[in-house]
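Have a look at the structure below, then the notes.
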Amino acid sequence: MHSFLIFSFFSCLLILSATFTAGHSVQNTPQQSLNDYVAFLNQSVDEVMNRFQLIQTYYADVKQYRNNPRQSLRLPSSGPLEEYYYQKALAADGLTPAEKQRLDESTKALWQVLTKLDQTSKALETYVRLNDYQRDNLKQSDALLNDLQKLFGQFSNDKTVFYKQIQRIYRRYQPYLPTDAYLFTEKEMEQVLQSQIQLLDSLSYYMDENGQSNWPVERVQKSMLADVKSLSTFGKAESVIGYPASSMLASFKEALQTIQDVKKRAVDDNTFAARQTTRHGNEVYLSLINHYNNDLRSWQQSFVDYSRTTKHLLAYPKFSPVFAFEAPQQQAEAVTRTAPFRDVPPAPFTIKPADKPADYATFRALTAYVEFINESLRQMNHLQLSLRNYQSTADYYRDPSPTSRRGNLTYSHDEYKVPISEFQLLQVESSHIPQPYRASINGQAEVLLSMLKEMDGLSIELIGYTSQKLYVQDHMQRSDAILDRYAYLIDAFDQKKEKLYQDVRRVHESYPLRNPSDSWQVAGKALQKTLDDDKEILFGVKAFMKGEAAQLPITDKLTADARKLIQDEYQNLAGLKRLGRNNGLCPYSPYEDIAENSLRFAEKSQVAKTKSSSYGAHPYEEFYYFFNNQLVYEYNKFSELAKSGVLKAVNQPNMFAFRRSTPTKSIPTQSEPENRSDNKPVAMTKPVSEPPVSVSVASTPTPTTNGTTILHDTVYVKQSTVDTVYIDRSGRQEYANSLKGFAANNMVLLLDVSASMDSPYKLPLLKKSIKSLLALLRPEDHISIVVYSGKARIALKPTSGSNIDEIAQVIDRLQSDGDTDGNGGIRLAYKVADKQYIRAGNNRIILATDGEFPISDETYQLVNESAGQDLYLTVFTFGRKEVKSNNLKKLASLGKGTYTHITQDNANGQLILEAQAKKVP
């Protein structure tokens, strides 16, 4: 009976509660109502972003249409506006009538702007769909775009004012209390968000990307450095915030780090080439907005949502873009003589043993110097390769006679970027290093940066020098002076970076270890000792190849230390878990690789050769790649895995990538023109065998160096030709260092760049083999590059031999990753070769791979049929051991090509032999 009465009582309460709820809606808190207004702002920004993307695409199409009115314009429908969040904001009931009235007025005003923007967009859509642009020559289009630009700006301003209203009301209900962990963290997030908005408000998107950039790189630098401070102090109250709200702090901080990375790229990528257009600034602007709206602000929104059970906080609105059509006109960047860097001798300092171990901030600061050096060397390598390619071409422009028959001399260094951001961040972090040391190593780093800036300035000089054809006036004198200066700078940089690295190591070693018996430290010191031995051998090989040493270095110490690494492996790594080679967190893998690779390095150094190839490549390059990729890379991987401070190692530059050649007064072109009384092109000899297949063929003429004209077919020629003679290359290893007298080449390089090619015996050797041919190419020769790693793609469209810089840059950018899709690559290669087919030319595909892959019957059939149509396939294999593949041998046999394993001995000449497969009688 008692239980029944209690049940009846609660039943009555439920009925009364339901009756009250039916007659009265539950009132929101003021913060909930304010967040409904913020939700309306965010939905409105999404609508604006949608229209912005449509305008962005449309403007680019309009620009193309003005150049080619035969094209038609398209503008997809933007769809209706979403009213849900607008109505929900107006229905908010947690505020006073006066507060609600003010906010509702702002809501309706912003909705009107958004509606007008939407209507203007739809008017433009209708205009395009009716093809009215063809009648008025885009006059109404220009007017509507101008209206949209103003509406974007008005929306952005009104949204900012509206949110400030919301913030003022919020603070009345929720005063800031620094002792409250939630309010303290909300304030931290707000300061970070506001800092990003201040930067974005100073930027803009320019629809016409052809104008010269006036991008405020200094402002981005200041913002990037401000982020460093925020990252170092953010999240102090995390431990007293409940889960899951607490987990949002780490995500917010990670998002800020991502934005800082965008800013670092923005600063470093602001190269001379990037400054010629607004494209770089546009990409940065959109990337920052994307990361702000969908990453950083999103985590702040999640923090607000998860904190609701404890504290009602205010969300932050998204950022809406603005745009202009053209950037303000800037004066062209003046190209002047580059001032030499200021060489300041490093301040000496005496190391004093520290009283206690280095903290994480100090270790991170010391690591920043190593990373700055390594990034500098990576950028310098890009520059060295550009200079090598330039020099190999420039020597042919000394004689004005052949110059008039060649294309213009060109130079670019688009891949080279001065690592300014790395240096600036290094300076900020160096505050954790004691002053006597900091002053010296900061000064050394600044000298390195000034050297990199001088290198950049010299390259900008070369761009102006070649584009204005000043080499015709001064007969390459300034070019020679610049290249001589580069040779000095590269050598001096090598010496100065080594001094800085040794000083950083001295500072690092001055701190005692927290636990000397820690396996990370024990193994790290053993690895570093062996790596030092490796570097000593590398320097000895370099000295020998420079002629500075009479013999190759002795490797007994390296061999002994590498063997000891193997013997002491389990003792040195005691207590560290072995996860296996397939786990990237396993410390055993880099440890074992360094030991084994050091033994291989010792063996290699005893058989080093000094003979250079005919084009660029030098025997030292093999040692350079091996040391950096097989030794330093593995050591730095171990350093990153270490739970205690194991300092990273620096890479070494390829000192022979660019070496000064000895210029001559007159260097002839590879093919001199024949003495003819007339200047008419020589007619091609017509085939006398089968009649040609009746098809329509579009032929593109290409002039050659001997006055003939090369005709390119867009389909295979299905008949024999008698105007060229094939060369029997069976057993032939000698080749002429010229293509004079040989047929024009249509060569498609089908390159395997899958992950398995990442080895000094594979991809570097492949690049070396290709570059051996470049200096011999003529304007009538065409090179194409198809790569297959995952999905096959064209890395280089058919490119004339007069543009070897462009070809070399593509080769240098090749990297190994992904899986193998050999069949897809072969099909694409034949398609490219087909389009560039040269009548009576040497039409050939070179398949370069490191191993067998499944080959379909369709592929075999394609190769066989194409060989009967004067299009052949050769196979090059790569690897330490000879690749024995029946499938690949069958492929080469059906393709009527050769099957060759490429080694250091034949890398320089094998591709040249393929280019000399057809002679002109």
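Any residue in the range 829-845 that is over 30 Å from K740 (Cβ atoms) and crowded, with 17+ Cβ neighbours inside 10 Å? Looking for residues that are over 30 Å from K740 (Cβ atoms) and crowded, with 17+ Cβ neighbours inside 10 Å, one finds none in the range 829-845, hence no.
Of the residues L151, L117, L110, the single one that is within 30 Å of L313 (Cα to Cα), buried (at least 18 other Cβ atoms within 10 Å of the Cβ) and assigned by TED's automatic domain parsing to the domain that holds L95 is L110.
Condition check for N35 on (1) within 34 Å of the chain's Cα centre (by Cα); (2) at pLDDT 95 or above: one failure, at (1). For the range 425-449, residues that are crowded, with 16+ Cβ neighbours inside 10 Å and among the small types (G, A, S) total 3.
Taking the criterion of being out of contact with any Lys or Arg (no Cβ under 9 Å at 6 or more places or on another chain), crowded, with 16+ Cβ neighbours inside 10 Å and not hydrophobic (A, V, I, L, M, F, W, C), the only residue of the range 450-463 that qualifies is S459. The condition of being outside any loop (DSSP other than H, G, I, E, B) and at pLDDT 85 or above holds for only one of R74, R66, that being R66. Has the range 272-289 got at least one residue that is more than 30 Å from L449 (Cβ to Cβ), crowded, with 20+ Cβ neighbours inside 10 Å and outside the structural domain of Q43 (by TED's automatic domain parsing)? Yes, the range 272-289 has at least one match. K150 - would you say it is more than 30 Å from V428 (Cα to Cα) and part of a helix (DSSP H, G or I)? So K150 passes the test. Taking the range 843-892 as the range and being within 30 Å of R778 (Cβ to Cβ), polar (S, T, N, Q) and over 35 Å from the mean Cα position of the chain (by Cα) as the test, the residues that pass are S866, Q869. Take A245 and tell me if it is touching a Ser or Thr at 6+ places or on another chain (Cβ under 9 Å), closer than 26 Å to L452 by Cα, of a type in the set (A, V, I, L, M) and buried (at least 18 other Cβ atoms within 10 Å of the Cβ). Considered against the rule, which asks whether it is touching a Ser or Thr at 6+ places or on another chain (Cβ under 9 Å), closer than 26 Å to L452 by Cα, of a type in the set (A, V, I, L, M) and buried (at least 18 other Cβ atoms within 10 Å of the Cβ), A245 comes out as no.
Here is a yes/no grid of residues against (1) touching a strand residue (DSSP E or B) at 6+ places or on another chain (Cβ under 7 Å); (2) without any contact (Cβ under 8 Å) to a residue 24 or more places away in the chain; (3) not in a helix (DSSP H, G or I):
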position	(1), (2), (3)
Q87	no, yes, no
R102	no, no, no
N131	no, no, yes
D142	no, yes, no
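Only a single criterion out of (1) surrounded by fewer than 24 Cβ atoms within 10 Å (Cβ to Cβ); (2) of a type in the set (F, W, Y); (3) touching a helix residue (DSSP H, G or I) at 6+ places or on another chain (Cβ under 6 Å) is not satisfied by Y761, namely (3). Set side by side, the residues L552, L513, L531 differ, and just one is in contact with a Phe, Trp or Tyr (Cβ under 6 Å, 6 or more places away or on another chain) and surrounded by fewer than 18 Cβ atoms within 10 Å (Cβ to Cβ), which is L552.
Tell me, please, whether a residue that is within 17 Å of I197 (Cα to Cα) and modelled with pLDDT of 95 or more can be found in the range 230-238. No, the range 230-238 contains no residue that is within 17 Å of I197 (Cα to Cα) and modelled with pLDDT of 95 or more. Of the residues making up the range 90-99, at least one is outside the structural domain of R279 (by TED's automatic domain parsing), surrounded by 11 or more Cβ atoms within 10 Å (Cβ to Cβ) and assigned to a helix (DSSP H, G or I). With a requirement of 2 or more residues that are within 32 Å of the chain's Cα centre (by Cα) and over 19 Å from E209 (Cβ atoms), the helices (runs of 4 or more DSSP H) lying completely within the range 237-347 that satisfy it span 247-268, 297-306. Among the residues of the range 362-369, are any over 27 Å from the mean Cα position of the chain (by Cα) and either at pLDDT 95 or above or crowded, with 18+ Cβ neighbours inside 10 Å (or both)? Within the range 362-369, one or more residues are over 27 Å from the mean Cα position of the chain (by Cα) and either at pLDDT 95 or above or crowded, with 18+ Cβ neighbours inside 10 Å (or both).
Contact annotation: residue pairs with Cβ atoms under 6 Å, 6 or more positions apart or on different chains, pairing a residue in the range 52-66 that is touching a residue at least 40 places away in the same chain (Cβ under 8 Å) with a partner that is surrounded by fewer than 13 Cβ atoms within 10 Å (Cβ to Cβ), are Y65/Q71. Taken over the range 206-229, residues that are buried (at least 20 other Cβ atoms within 10 Å of the Cβ), small (G, A, S) and modelled with pLDDT of 90 or more amount to 1. Taken together, the criteria exclude V472 from residues that are at pLDDT 95 or above and either assigned to a helix (DSSP H, G or I) or small (G, A, S) (or both). Of all residues in the range 69-90, those satisfying the criterion of being within 15 Å of D36 (Cα to Cα) and not hydrophobic (A, V, I, L, M, F, W, C) are E82, E83, Y84, Y85, Y86, Q87, K88.
Of all residues in the range 906-921, exactly one satisfies the criterion of being within 12 Å of Y872 (Cα to Cα) and assigned to a loop (DSSP other than H, G, I, E, B), namely A917.
Scanning the range 248-280 for residues that are over 14 Å from E422 (Cα atoms) and either without any contact (Cβ under 8 Å) to a residue 12 or more places away in the chain or touching a strand residue (DSSP E or B) at 6+ places or on another chain (Cβ under 7 Å) (or both) yields E254, T278.
The values are calculated or read from the model by the stated rules, or taken from the named source; none is laboratory data. As the structure is a computational prediction, the values presented were derived from the model and not from experiment. All Cβ positions, glycine included, derive from the backbone under ideal geometry; neighbour counts span all protein chains shown.
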